[in-house]
Each structure stands twice: as C-alpha cells, then as structure tokens.
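Below: one structure, written as structure tokens.
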C-alpha cells in the first residue's frame, strides 16, 4: 500500500463526509454549512493535485488513444468540477454567514438561490456516478488501509506466543 | 514550484468558469434587483422554506441558522440520490458487459 493511495483515500473519505454534512444546512446550521463548504474547496484542490498525473495523461490522449470508460470518466469529472464551481459561486452570492463575517456584501440576485439548490441536487447525481466509477479502487484501498494493517500485529503476536 | 503552478492552473480555470457563470446570470437579466442602501433583500422562498420577516426560515419552527440536532434528512436524501445514480451506472455497465458476452458467443 503506497502512501499516496492512503493519503488519497483518507482525504477522499474526509471530503465525502464533509460533503454529506454540507448537504444538510438545517442539520449543521448555516454557519457550519458555509464555512465547511469553503474548506471543501481547498480539499478538492488537493484532490485534483493528487490526481494531476491522470488528468494530464487523459487530457493528452483524449482524442487520440484512450478507452471510452476513461473518456466518460474525464467528461464526468469536468461536469463535477463545473457544477462544484456553480455551487460555490451561488453559495457565496447568497451567503448569510461567511461572507458578511468577512466584511463582504454582495448584491442580491434571486436567481442564485435556485441555481444553488439545482446545482447541489445535480452534484449528488454526478457524485453518485463518480463514486460508482471508482468503487473498485475505493473498496480495494479501504480494505488494504483499514484491514490489511490490522492483521499484521495479530500474526506477529501469534508468532511471539509460539 | 510545480505545485504552485498546478494550483494556479486550477484557480484560473475555476475563475474563468465562475466568471462566465456570473456574466451569464447577470446577462439573463434577473440580477437587476436593486438593493436598498447596501442591505440584502429578501429572497423568494425555496422549496421547503417559508419567509418570515426578512430572513429565510424553513417551514415550521426550524431555524436553518442554528441547525438542529434532529434527524439529518438532507444527509439521507444525499445518500439515497447518490446510491440511485451509482445503481443506474452499475446496471448500465452490467448490461453492457452482458451484451458483449452474448455477442461474443
């Protein structure tokens, strides 16, 4: 298990849990919803940096030589990225806690609220597809990180006892 | 240095896309709502919300600002929708593989 995969998995789990919390502002409260969403933007940048090599490789080969699955994955990732930007932008525009706390007053536009709701719902579908596409990697890495390591101490202690 | 460049690329692309969206929404003409002395105006009630005074307030006695320790319905909704999308994807992939096997035989 490489450290890179472990880092990716732990970051992705954290991002996913934070994403779930931000999807329910009534449960978390508006302030947590807004600040956590801003923090999520940072983790998404790190997520992109950790997968930079894949992004560059597929971009180069997109129209030349790559599988349809990789193409679909690539387009889906772009859709998720664009939708994420729309969620962030519309969220900033309707912010009632984070932006005022930073001293930023933005002009109100009724369209941002509905855009925020719509893009958040769309993100759920795209995120579902994104997770499904990477499910094998998630499951394999999860088992290696959380269960393979736990077996070693047992084996060592068994040997010591013998 | 390489990472700084990569971060800059991400931020520039995000800024370009965000700028286009902002311009698009403004161009749609719905942004021409004037504000009064810099104050934020009321927004129309979204689904499941009702306006009380000058604030967004969810239906009933809930207040979105403080949150509530009750049942996290939004989280469950998110999980259900993501599972549905994932299920649809898996079904399509499974059907595609099955069709390939049948064609190969």
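The values are calculated or read from the model by the stated rules, or taken from the named source; none is laboratory data. Quantities reported herein were computed from a predicted structural model and do not represent experimental measurements. Here Cβ is always computed from backbone atoms with ideal geometry, including for glycine, and neighbour counts include all displayed protein chains.
Hey, among the residues in the stretch A:103-140 that are outside any helix (DSSP H, G or I) and more than 7 Å from chain B (Cβ to nearest Cβ), which one's farthest from residue B:94 (Cα to Cα)? So, considering only residues that are outside any helix (DSSP H, G or I) and more than 7 Å from chain B (Cβ to nearest Cβ), the one farthest from residue B:94 (Cα to Cα) is A:103.
Being in contact with a helix residue (DSSP H, G or I) (Cβ under 8 Å, 6 or more places away or on another chain), surrounded by fewer than 16 Cβ atoms within 10 Å (Cβ to Cβ) and assigned to a helix (DSSP H, G or I) narrows it down to one of A:14, A:84, so name that one. Answer to the selection: A:14.
Could you tell me whether residue B:60 is surrounded by fewer than 12 Cβ atoms within 10 Å (Cβ to Cβ), out of contact with any strand residue (DSSP E or B) (no Cβ under 8 Å at 6 or more places or on another chain), more than 29 Å from residue A:17 (Cβ to Cβ) and modelled with pLDDT under 75? For residue B:60, the condition - surrounded by fewer than 12 Cβ atoms within 10 Å (Cβ to Cβ), out of contact with any strand residue (DSSP E or B) (no Cβ under 8 Å at 6 or more places or on another chain), more than 29 Å from residue A:17 (Cβ to Cβ) and modelled with pLDDT under 75 - is not met. Residues in the stretch A:17-26 that are facing chain B (nearest Cβ under 8 Å), part of a helix (DSSP H, G or I) and in contact with a helix residue (DSSP H, G or I) (Cβ under 6 Å, 6 or more places away or on another chain) were compared, and the one that is modelled with the lowest pLDDT is A:25.
I'd like the residue in the stretch B:70-86 that is in a loop (DSSP other than H, G, I, E, B) and more than 7 Å from every other protein chain (Cβ to nearest Cβ) and, out of all such residues, is farthest from residue A:132 (Cα to Cα). Filtering first and then ranking leaves B:70.
If you go through the stretch B:72-86 one residue at a time, do you hit one that is under 19 Å from residue A:112 (Cα atoms) and modelled with pLDDT of 55 or more? The answer is no; no qualifying residue exists.
Among the residues of the stretch A:31-73, the ones that are part of a helix (DSSP H, G or I) and over 13 Å from the mean Cα position of the chain (by Cα) come to 21 in all.
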